[in-house]
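A quick write-up on the structure given underneath.
Taken together, the values in this text are just the output of simple stated rules run on the coordinates, not laboratory data. All of these numbers come straight from a predicted model, not from anything done at the bench. Please note: Cβ atoms are built from the backbone with ideal geometry, for glycine as well, and neighbour counts cover all protein chains shown.
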Amino acid sequence: MLTGLRSSRQFLSFGALVLVFVAACGFCQAAEWFVGPEGKMQNAGTQQAPWDITSALAAEHKEVKPGDTIWILGGTYEPAGQLHVRLQGEEKKPIIVRNYKNQRVTVHAPIDVASREIIPTKYVWLWGLEVQTNGTKNTGDPFNIGNSDAKDPEGNNPGIKIINCVAHDGGGSGMGCWGSAEEEVYGCLVYNNGFDGDPNKPEERGHGHGFYIQSKTHKEFIDNIVFRQCFLGFQIYGTHNARMKDVTMKGNTFFNNGEMSVIQRRIKNFPEMHIGGGSPIVDPKIIENYVYSPTWVDKSTCNIGGSEGALIQGNYIVSPGPDKRVAWDAETLGKNTDLKMMDNTFIGMIVGFKIDQFGTGNVHIPDRPTSGKKIFVRPNKYEPGRANITIFNWDKSPKVEVDIKNVGLKKGDAYEVRDAQNFYGKPAVTGKYDGKDISIPMTGLTVAAPIGRDPQKYPRPPHTAPEFGAFVLMKTAVQ
């Protein structure tokens, strides 16, 4: 008996070692490659001899395999034209393209993550990249993901992720997210995108959104901070030829969208969300989003219409005031079927529904609060120690205490808090975590100036503080 037991244990131990060895070999097969601002296609792809960014993203280096990581070294990248991502990972072995050790990587060209080729882009993660196109030789939308062609097959670009990127000061929408791609856009900052129409035409408006979305397959937009486009923060819309289904929008912060437009500022209309209105949108999920509108505008809108099976849950939405449309509009864009609305807070006017008509737990506050605070902290699932912090500071306190114990910081970790409205400026707070709440200033904050625009027409906007602020907490010691 003892001999048999010993033999079984030996067999199990040997089997475990084999599994560990196989797993280790699989891990060892993943390679690391490097791209640099002065890199060349003919280089070896090492840190000392990096590739150029154009050839690396276009899959011109056949040695890059599923599961590999392409590190983008810090610096400014000025490619000859739009960058085309044509890499092909696998479902459990994505190819990761990431900024090296959280270095600032600035790309002055639109990034196209899609393919009209026979072999499509798939299972690629873009992580930690800054894309800014205004005032450069390569103008356009900072990111285009998937194809809008109605003939493209459903899910033609699976497994695309855009993680903790910054899409700002672009000539169109910050992110165009089209039908063919199955994607997740997570933890990104999207701001100052779009362009104005002809201000002499009374029917004109600002153009360019934070997100412009059509969907043939599953898409998720989670924990992004989206502000000051020339028009909408978030639009899910298409004509009768477009497909729109299965879009999840969760944990995002929207504010002052429309403010970058001369026209929208003149008419004092800041539109935040537009969901539906053309082709029906099926099964959208709008969950735990936060919307702020300043009191000086005359109109701010969040619309849903023509939806089927929509879920609106746990959102905190603030309009400019009780007589200014609108915290939420469920009527203007058309009839909604099987609509569920629950546990939302609407501050300001609501249109097209009674507060508990489509579900329970909703709160309607007609007048803007003048006391108290509402603070939302959303830990980042890809980078422990990082989190988005959204503050509604109704009593206009000069500082706000924020509990960050659940964001993944350990005692002694160095951190900084960056103001989303001046993300690349001086941090609002720096320190070492001691297990206590941190204090975030709500006065003395400035806004980054728009890039590539006439400063007379597009001056530096005023800050939303002390009443409102959006911040990103980041661990500064990179492992």
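For the reader, a short list of remarks on this structure follows.
- Ellipticity estimate at 222 nm from DSSP helix runs (n ≥ 4, -39,500 (n - 2.57)) divided over the chain, nearest 500: -2500 deg cm²/dmol
- Lysines with Cα under 20 Å of K40, excluding same-chain neighbours fewer than 8 positions away: K62, K65
- Burial ordering of M41, M442, fewest other beta-carbon atoms within 10 Å first: M41, M442
- Considering only segment 184-294, percent of DSSP beta bridges that pair antiparallel, nearest 5: 5 percent
- Shape category assigned to segment 287-402 from the gyration tensor of Cα positions, a/c cut at 1.5: oblate
- The calculated FRET efficiency for the pair T446 and H240, based on their C-beta separation and a Förster distance of 56 Å, comes to about 0.80.
- Translational D in µm²/s for the chain (Stokes-Einstein at 10 °C, 1.306 mPa s, Kirkwood Rh from C-alpha pairs): 67 µm²/s
- Our note on the geometry: Cα centres of segment 159-228 and segment 421-452, 24 Å apart.
- For the chain, the antiparallel share of DSSP beta bridges with both residues in that region comes to about 25%.
- Each other residue within a Cβ distance under 15 Å of L445 adds +1 if Lys or Arg and -1 if Asp or Glu, for a net charge of +3.
- Centre-to-centre, using Cα atoms only, segment 40-73 and segment 246-323 are separated by 40 Å.
- Cα pair distances exceeding 24 angstrom across segment 30-267, given as percent: 43 percent
- Residue order, fewest to most surrounding Cβ atoms within 10 angstrom, among L189, L126: L189, L126
- Angle in degrees between helix 2-28 and the longest Cα principal axis of the chain, rounded to the nearest 10: 60 degrees
- Overall shape: oblate for segment 219-276, with the ratio a/c of the largest to smallest alpha carbon gyration tensor axis at 1.5 or above and b/c at least equal to a/b.
- Share antiparallel - DSSP beta bridges, segment 30-267, percent rounded to 5: 5 percent
- Of the residues I163, V291, M273, the one whose Cα sits farthest toward the positive end of the charge dipole of the chain, with +1 on the Cβ of Lys and Arg and -1 on the Cβ of Asp and Glu, is I163.
- Extent along principal axes [Cα atoms of segment 373-475; Å; largest to smallest]: 47, 31, 21
- Extension reserve of the K268-T360 stretch, reckoned as 0.36 nm per residue once the Cα distance is removed: 29.8 nm
- Classification of segment 168-238 by its C-alpha gyration tensor yields an oblate form. The axis ratio a/c (a ≥ b ≥ c) is 1.5 or more, and b/c is at least a/b.
- For T69, T390, T370, order by how many other beta-carbon atoms lie within 10 Å, fewest first: T370, T69, T390
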